Amino acid sequence: MIDRPTSVRPPSVVGQNPNLDFADYQEATTRELDPRQMLANLWRRRRLLFVIWAVFVACVTIFTLLTPKAYTVAVKLIAGSNSSSEDAAPASGTNLPILNALLAVSGQQSSTQIAELLQQEPVGQEVIKRLGLNISVAQLGSHIIVRPVSDTTIVTLSVNWRDPVTAASVANAYADVFVERERELVAGQADTAIGYLQKELPDAQERMRAAQETLTAYQEQTGIADLSTQTTEALTSQQDLETKLRQAQVDEQTDAAALEQIQAKLSSTPDTIEVGNTASGNPVAQQLQTQIATLTMQLNAARKEYTDNFPTVVSLRSQLAEAKRELQAEPATVTSAVSSGPNPVYQALDQQETTISGQLAAAQASSTELAQQLAAAQPRLASLPSVSRRMNDLERAAKSATDVYAAIEQRYQDAVITKTTALSDVSITQRASPDIYTKSPNVLLNLLLGTVVGLILAITGVFLSDFFDDRFRNEGDVRERLGLSVLASIPLVDGLAIKDSAWVRPLATEAFYQLVAALRYSSSSPPRTIAFTSPDQGDGKSTTALNTAISMGQMKARVLLIDADLRRPTLHTKLGVSNEAGLTDVLVGVTSFDNAIRPTEHIGLSLLSSGRPSPNPVGLLQSEAFERLVAAARDRFDFVIIDAPALRSIVDGVVLGVKAEGTVLVVSSTTSERRAVRTAIEKLRSVASINLLGVVLNRVRPDRNSADSYYLGSGQSVSLPAEARV
């Protein structure tokens, strides 16, 4: 029997229920939310946490530093007439229709309409021309942000540029150009009237001068300065009719010219304008961000299982790069709705067109009526003496010409005054200053947000990685997911630096002593024939079985190690023993049991290798000969350790589990997946006679912080041979 050291004691997990049925096992695999476990997972994956956080913060920092600095300044405008009601009253009653139309909407334009008019192409072209900018109107518009202030007539125009001075110049130029453009629209009709009257005024003056000269010459010729009262009254009546007719004709011509001008303006003025739009997040960009997050998680998981050149990893990396390119090509927001409304200028012009059309019709009717009255008065005048009639004709012509000239001159003066006093409907309330700006990106704010968001992403990434990671990192994972006892945790030794192996190897040695003690105290009647199996090849079950046997031998026990993995035997290679005669040779009767046993260089350990290859390994392991061999081994040795094949695709391990008194399942912390482990457990649970002692968690990454100070400083050597490293 084993001479057990007093320092070895069984692990605390060995009191758990080893006969847990499959329904309870499935219920035990449900993972519960445990804050302490969450903190433990964060600490275990602290490197991943730090890498995700550091990479995100580095990306934010690089993006912030490489992004060109932009300075934003703002100018504020207010919509509405800035003239008093007394000043505006005379202009609203002018005979200039387009001017009246513009003044009619004075104070009626909303901030939304002003914001839309500010972004029209002519305004941008004039700003580029004034400042000499080498940029297109569309490019300039990308630097402009116009925001109406809700429930007010105030409009804020913001300009972002590479320097604050240019930004302020562009903002002020935009405001000045727009105000002047509004003023020009008001004065445009006055210019039209002035142009027409300037052409008519010299002709009217020449007609007046000619009529007066003719009258003076006839008076001198006839020597008549006055006519009788009757003749005077008749001629005065006719003269009044002719004057009214001439004035009506002038009004008709003026109204016709004004009607033509207003119809031209109406044809070029839109009846509706956009009064607002609504921006929302780009659904395509949001879908691409979700896809990128999914692909990133899949790629991280694939990289842990495969190399970077594995087709799955290459495909995921290509998909992730394509998704990122598509995301960069998509705008962050899109215009989801655009609302439009009636153009107040167009409505006012349309109303003026109706008014002027009525005035023109009235002037035409008045001219017709006066012409008819004048024609009716001609017979009575014909009876007057020819001299008197001639005199009155000349006087009437002179007065009529004088009245027409005076009317045209008065209209001209009114138009000039209107043009010089025209006021814009928009005023600048706050000009842009290069000393008042906001700068983007904000390095400090971006770094602060990047740190916080990076930490959130890192924590999320760790939990997602832990959620999708099917491997068993520690004993807690095995107990939570499988509901089985953990007999021992074997630390990973291969691949560690020399400075780390000095303290990890003693931990490995102690882990195998702990495994031996756990097997010894697993039940009141400890098993003496123990089979070691695993879910897959490469999980380390052969090495674990060998080191367990070596540890038992060092504890003064006689141990026989049987290599029952007849398909892929490895123990004879690890121990440097010949495999000419072994288990298969004994079972088929070629050699005896005693001749097949080989001693090893380890104290108390003997090996029965696999022997010659067999075409039917399962048949040999199920035979009575194998049962007799196991019974004979029990009689000669204290413990019989059987290295069984993996359970992935063959039943050899199940058969050996039936033959042995106890079965140990070796699970690799670095390679075993939960699905494969569950499948292996289901195979073992399918046979009621198999005594599943528990799980050995192999290749656990050692934690220096959890190592005992004794192993960190003692320099204790490991008794395991080089061929049997964990």
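Every number here is computed from the coordinates shown, using simple stated rules; none is lab data. Just so we're clear, the structure is a prediction, and the values are computed from it rather than from any experiment. Backbone-built Cβ (ideal geometry, glycine too); neighbour counts: all protein chains shown.
Worth pointing out:
- In terms of the mean number of neighbouring beta-carbon atoms within 10 Å, the peptides 399-406, 589-596, 305-312 order highest first as 399-406, 589-596, 305-312.
- Region 652-700: C-alpha gyration tensor shape, a/c 1.5 cut-off, then a/b vs b/c: prolate
- DSSP-defined antiparallel bridges as percent of all bridges, region 470-712, nearest 5: 5
- This ranking places Val426, Val588 by how few other beta-carbon atoms lie within 10 Å of each, fewest first, which gives Val588, Val426.
- Ordered by the number of other Cβ atoms lying within 10 Å of each residue's own Cβ, fewest first, Thr354, Thr72 fall into the sequence Thr354, Thr72.
- Exceeding the 23 Å Cα-Cα cut-off - candidates Lys304/Lys683; Lys76/Lys439; Lys541/Lys683; Lys244/Lys399: Lys304/Lys683
- Each part gets one Cα centre, and for region 109-182 versus region 556-587 those centres are 89 Å apart.
- Residue ranges 542-554, 506-518 sort as 542-554, 506-518 when ordered by packing (mean number of other C-beta atoms within 10 Å per residue, highest first).
- At 0.692 mPa s and 37 °C, Stokes D of region 470-712 from Kirkwood alpha-carbon radius, µm² per second: 181
- Near-label residues of region 298-325 by backbone N, under 18 Å of a point 7 Å along Cα→Cβ of Leu66: 321-325
- Dipole orientation for region 470-712: of the candidates Ile490, Ala545, Leu608, Ile490 has the Cα lying most toward the positive pole (charges on Cβ; Lys, Arg +1; Asp, Glu -1).
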